[in-house]
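J.: My questions will all concern the structure given below.
The values are calculated or read from the model by the stated rules, or taken from the named source; none is laboratory data. If you're wondering where the values come from, they're calculated on a predicted model, not measured in any experiment. Heads up, the Cβs are rebuilt from the backbone with ideal geometry, glycines too, and the neighbour counts pull from every protein chain shown. Note: areas computed on protein heavy atoms with side chains; ligands, DNA, RNA excluded. Shrake-Rupley method; radii C 1.70, N 1.55, O 1.52, S 1.80 Å.
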Amino acid sequence: MAWFNRKEKGIITPTTEKKETPDGLWHKCPTCDHLMLTEDLHKNAYTCVSCGYHERIGSEEYFEMLFDDHVFTELDANITAADPLQFYDSKSYLDRIRDGKAKSGLKDALRSATGKINGVDVTIACMDFTFIGGSMGTVVGEKIARAIQHALNTRQPMLMISRSGGARMQEAGFSLMQMAKTSAKLALLAEAKIPYISLLTDPTTGGVSASYAMLGDFNIAEPNALIGFAGPRVIRETIGKDLPKGFQTSEYLLEHGFLDFIVNRKELKSTLTRLLKMIWGQ
Amino acid sequence: MLLDFEQPIAELEKKLAEMKRDFANNGQDPDIKEGIQLIEKSLHNLKKNTYENLTRWQRVQLSRHAERPYTLDYIEAMCDDFVELHGDRQVADDKAMIGGFGSLDGKPILFIGHQKGRNTKQRQFRNFGMANPEGYRKALRLMKMAEKFNRPIVCLIDTPGAFPGIEAEERGQAEAIAHNIRDMFMLKVPVICIIIGEGASGGALGIAIGDRVLMLENTWYSVISPESCSSILWRSWDYKEQAAEALKLTAKDMQGNKLIDGIIPEPLGGAHTNPAQTYQTVKQTILDTLKTLETLSPEDRIMQRIDKFTAMGVYEENI
């Protein structure tokens, strides 16, 4: 059984004495397997230096990328989930929230903030997928509603960054009504003629896409994001057929007329600035 | 077709009918008469007991009862005239979503509603009450027309969900529903929404933004159906009863959580056991509610509509 033994090329280090690579120094792209320094990934707006794959980043990274000098004021940071239905499946909802907080270091699946993008004051609400799949419950809905109210009060353009599987089942009817709550506020924002830009990222589906994510004056998306109402698995099961290639991607939605444009994350800030210049101020 | 919990009641009803026949055939025997009264009493008690103590899943079953009245049944029974209108002016006419002007005791109202079919052929024709984007767009087109001609709107909701299909996605299911939700907030005319059967998620909400949102007693309204919830959270279809309990999706639950404005009572045994009475109750509720809503200015109605939905939800805030 010689092939078990490392006889050749002098590899003799026992496993116990092997040196560990420092955590997080290297990053492997999940789509093209390209190995890059994590630092290079960050410099490249968290997109793969080889294939351009957009990593699923959250509010911390977006706020850092978009706000001038990383300066911003967080809004409504102290709202946390309650468990009005005492929801229990294999685990209680309160336990899920606790685990979600521990795993992500966040309080819920969305953070909102105000600051400047190349000198223009804006309000941004950004979803965090790492917290229970970015699902939308009352906290997400309430924080979006308040962020829109903030944009209304201060007359700041509103940017919404969505990344979510949809409504949070554990808050059932309450989650459903967050679709109504956020859309009501957006109706007021539209009346006040304040711009609302909705950036859809991978993935944006369900109750999130069927409310605030699709209501932008400008609906824009990152490349190759999954965007849709029903998830691909549900559609496949319903119609009993395989889905066409590229179905429900950003490019597919652009082709069918539901997006204004697709923006590479590296150009997000400059593109937003150019767009806002055309429609806002003076 | 009988549901499990309808079985004992049906048996007792059958026995009662037999005894009544005997009573007529046997020269009105006073002993039989006494028996009839006894059975009538226990039948009433059994019904009361059964329907007051239904589990949430049993209510879901009642909401989908094969004989339950559907949108067009209500319209036909309640209206003295109805002109159905079709099409979204873009793609197609969605048969799962119907609309048109109807007259309720001479009062013209725009009716919108999901439509289910009663037999296999009709069910396919109506796509099981699952609307496509053109259904939502047709509904909004008609609602804006009602606003133009200053007519109130009544939406009857009964859907297992918006249709999840390739074409639906291609034509923007999410956008269509979102657009409806936002624009219904700004309608200047009174809007009443009534869940008459199933109120599944965004597919229901797409026509359910109103000054009053009411549920019939044996209906459900939630973010997902118990079956789908079971398949996602329990990874099996077998936990629908538990899922229904967990979702708290009945009219009583939804009212208790301040997510709807009221409950319309059904006849003992459910809407299908006495449709005529159900239609009458719903009709009277619509007329009474409209009377109240019409005392407000359009601006006040819109403001109250927005405030009501904005207040929904429970959370904690530490300042």
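J.: If we scan segment A:189-198, do we find a residue that is facing chain B (nearest Cβ under 9 Å), at negative phi, open to solvent by less than 10 Å² (accessible area, probe 1.4 Å) and modelled with pLDDT of 95 or more?
T.: no
J.: Ok, one more. Please work out which residue is most open to solvent (accessible area, probe 1.4 Å), limiting yourself to segment B:238-276 and to residues that are within 14 Å of chain A (Cβ to nearest Cβ) and among the hydroxyl-bearing types (Ser, Thr, Tyr).
T.: B:Tyr239
J.: Restricting to segment A:171-225, name every residue that is farther than 22 Å from A:Val122 by Cβ and either in contact with a His (Cβ under 6 Å, 6 or more places away or on another chain) or of a type in the set (A, V, I, L, M, F, W, C) (or both).
T.: So in segment A:171-225, the residues farther than 22 Å from A:Val122 by Cβ come out as A:171-180, A:202-203, A:205-207, A:209-210, A:223-224.
Within segment A:171-225, A:Ala172, A:Phe174, A:Leu176, A:Met177, A:Met179, A:Ala180, A:Ala210 qualify.
J.: Can you tell me which residue among B:Pro164, B:Pro190 is in contact with a Gly (Cβ under 9 Å, 6 or more places away or on another chain) and touching a residue at least 40 places away in the same chain (Cβ under 8 Å)? Outline the logic, then answer.
T.: Numbers: B:Pro164 fails: touching a residue at least 40 places away in the same chain (Cβ under 8 Å).
Among B:Pro164, B:Pro190, only B:Pro190 is in contact with a Gly (Cβ under 9 Å, 6 or more places away or on another chain) and touching a residue at least 40 places away in the same chain (Cβ under 8 Å).
J.: Being within 10 Å of chain A (Cβ to nearest Cβ), in a helix (DSSP H, G or I) and not hydrophobic (A, V, I, L, M, F, W, C) is the filter here, so list the residues in segment B:277-319 that pass it.
T.: B:Arg305, B:Asp307, B:Lys308, B:Thr310, listed by residue number.
J.: Now a separate question. Condition check: hydroxyl-bearing (Ser, Thr, Tyr), over 30 Å from A:Arg274 (Cα atoms) and open to solvent by 60 Å² or more (accessible area, probe 1.4 Å). Does A:Thr130 satisfy that? Give the derivation first.
T.: On the way: hydroxyl-bearing (Ser, Thr, Tyr): yes; over 30 Å from A:Arg274 (Cα atoms): yes; open to solvent by 60 Å² or more (accessible area, probe 1.4 Å): yes.
When the stated conditions are applied, A:Thr130 passes them.
J.: Can we say A:Asp121 is within 12 Å of chain B (Cβ to nearest Cβ) and touching a residue at least 12 places away in the same chain (Cβ under 8 Å)? Talk me through it step by step, then tell me what you get.
T.: On the way: within 12 Å of chain B (Cβ to nearest Cβ): no; touching a residue at least 12 places away in the same chain (Cβ under 8 Å): yes.
Taking the combined requirement at face value, the residue does not satisfy it.
J.: Quick check on my filter: what residues within segment A:244-272 are touching a helix residue (DSSP H, G or I) at 6+ places or on another chain (Cβ under 6 Å) and either farther than 21 Å from A:Gly207 by Cα or touching a residue at least 60 places away in the same chain (Cβ under 8 Å) (or both)?
T.: Answer for segment A:244-272, where residues must be touching a helix residue (DSSP H, G or I) at 6+ places or on another chain (Cβ under 6 Å) and either farther than 21 Å from A:Gly207 by Cα or touching a residue at least 60 places away in the same chain (Cβ under 8 Å) (or both): A:Gly246, A:Ile262, A:Val263, A:Lys269.
J.: I would also like to ask the following. One residue is enough: does segment A:210-223 have a residue meeting the conditions of a type outside the set (Gly, Ala, Ser), surrounded by fewer than 16 Cβ atoms within 10 Å (Cβ to Cβ) and touching a helix residue (DSSP H, G or I) at 6+ places or on another chain (Cβ under 8 Å)?
T.: In the first step, residues of segment A:210-223 are kept if they are of a type outside the set (Gly, Ala, Ser); the result is A:212, A:214-215, A:217-220, A:222-223.
From what's left, surrounded by fewer than 16 Cβ atoms within 10 Å (Cβ to Cβ): none.
No, that holds for no residue.
J.: List pairs: first residue in segment B:218-233 and farther than 25 Å from B:Pro265 by Cβ, second residue surrounded by fewer than 23 Cβ atoms within 10 Å (Cβ to Cβ) and not polar (S, T, N, Q) anywhere in the structure, Cβ distance under 7 angstrom, at least six positions apart or on different chains.
T.: Once the first residue is farther than 25 Å from B:Pro265 by Cβ and sits in segment B:218-233, its partners that are surrounded by fewer than 23 Cβ atoms within 10 Å (Cβ to Cβ) and not polar (S, T, N, Q) give B:Glu227/B:Trp237; B:Glu227/B:Lys240; B:Ser230/B:Trp237; B:Ser230/B:Asp238; B:Ser230/B:Tyr239; B:Ser230/B:Lys240; B:Ser231/B:Trp237; B:Leu233/A:Asp89.
J.: Pick out, from segment B:153-237, the helices (runs of 4 or more DSSP H) lying fully within it that include 1 or more residues that are in contact with a strand residue (DSSP E or B) (Cβ under 6 Å, 6 or more places away or on another chain) and at the interface with another protein chain (Cβ under 10 Å from one of its Cβ atoms). Before the answer, list the steps.
T.: On the way: elements: B:166-170, B:173-184, B:201-205, B:226-229.
Output list reads B:201-205.
J.: Is segment A:170-186 home to any residue that is within 25 Å of A:Glu60 (Cβ to Cβ), of a type in the set (Ser, Thr, Tyr), open to solvent by 10 Å² or more (accessible area, probe 1.4 Å) and not assigned by TED's automatic domain parsing to the domain that holds A:Thr47?
T.: No, every residue in segment A:170-186 fails to be within 25 Å of A:Glu60 (Cβ to Cβ), of a type in the set (Ser, Thr, Tyr), open to solvent by 10 Å² or more (accessible area, probe 1.4 Å) and not assigned by TED's automatic domain parsing to the domain that holds A:Thr47.
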